[in-house]
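Inspection log for the structure reproduced underneath, given as structure tokens.
The values are calculated or read from the model by the stated rules, or taken from the named source; none is laboratory data. Given the structure is predicted, the values throughout are model-derived calculations rather than measurements. Methodologically, a virtual Cβ is constructed for each residue, glycine included, from the backbone with ideal geometry; neighbour enumeration extends over all protein chains shown. Areas reflect the complete protein model, heavy atoms only, side chains present, ligands, DNA and RNA absent. Shrake-Rupley method; radii C 1.70, N 1.55, O 1.52, S 1.80 Å.
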Amino acid sequence: MIDILVYLFENYPPDGCPEPAALARKLTAAGFETEEISAALSWLEGFPAEASAACREPARAGAIRIYDAEEQDRLPAECRGFIAFLERHDAVDARLREAIIERALALPDAEVSLDRLKVIVLAVIWRYRHEVDALILEELLAEDTDDEDSAPGEGVTRILLN
């Protein structure tokens, strides 16, 4: 499923994706498995219909995000730390942070790796056309050791910076 998200970043603008049935056909033609396509389309349906949900909110001074037990189990400390890093550097606001957490928890994984979380962050940024500083984008595109996932390529950078 992560590979499909990367494929979408590289090949479609957020508002230029075909309808789910047409997208499924295109993904099949691109060589993706039917189960993987179904999982990705279901995951993408979880985004709120209105991109306005991603409007920037000013951060409340001194506010911190408390993670519940399930979130702590599924999002290891390195993932929670990375989300805090993004907030500290104004790369995401509270609404985007919550969208990132919600979409990460929507993955079937028992525990979300940092590599997968970075793709989720890219998906949220892509979906809401949120601008990100180039240095933060580099950090998002940096590869870790999760060799199961494909790291996004330069095409992602092109899509996100346009």
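Give the residues of segment 108-120 that are within 18 Å of ALA69 (Cβ to Cβ) and either among the acidic types (Asp, Glu) or under 11 Å from the mean Cα position of the chain (by Cα) (or both), sorted by residue number.
Within segment 108-120, ASP109, GLU111 qualify.
Can you tell me how many residues in segment 9-40 are modelled with pLDDT under 90 and in contact with a Pro (Cβ under 9 Å, 6 or more places away or on another chain)?
Qualifying residue count, segment 9-40: 3.
Any residue in segment 83-110 that's touching a residue at least 40 places away in the same chain (Cβ under 8 Å): show its pairings with residues that are charged (D, E, K, R) and buried (at least 18 other Cβ atoms within 10 Å of the Cβ) at Cβ separation under 7 Å, as long as the two are six or more apart or on different chains.
Filtered contacts from segment 83-110: LEU107/ARG116.
Show me the helices (runs of 4 or more DSSP H) found entirely inside segment 59-115 where at least 3 residues are open to solvent by less than 20 Å² (accessible area, probe 1.4 Å).
Filter on segment 59-115 gives 77-88, 94-105.
Among what's in segment 11-30 and is open to solvent by 60 Å² or more (accessible area, probe 1.4 Å) and of a type outside the set (Lys, Arg), pick the residue that is farthest from LEU141 (Cα to Cα).
ALA21
Please state which of the following conditions ARG158 fails to meet, knowing it meets all the rest: (1) farther than 16 Å from MET1 by Cβ; (2) part of a helix (DSSP H, G or I); (3) modelled with pLDDT of 75 or more.
(3)
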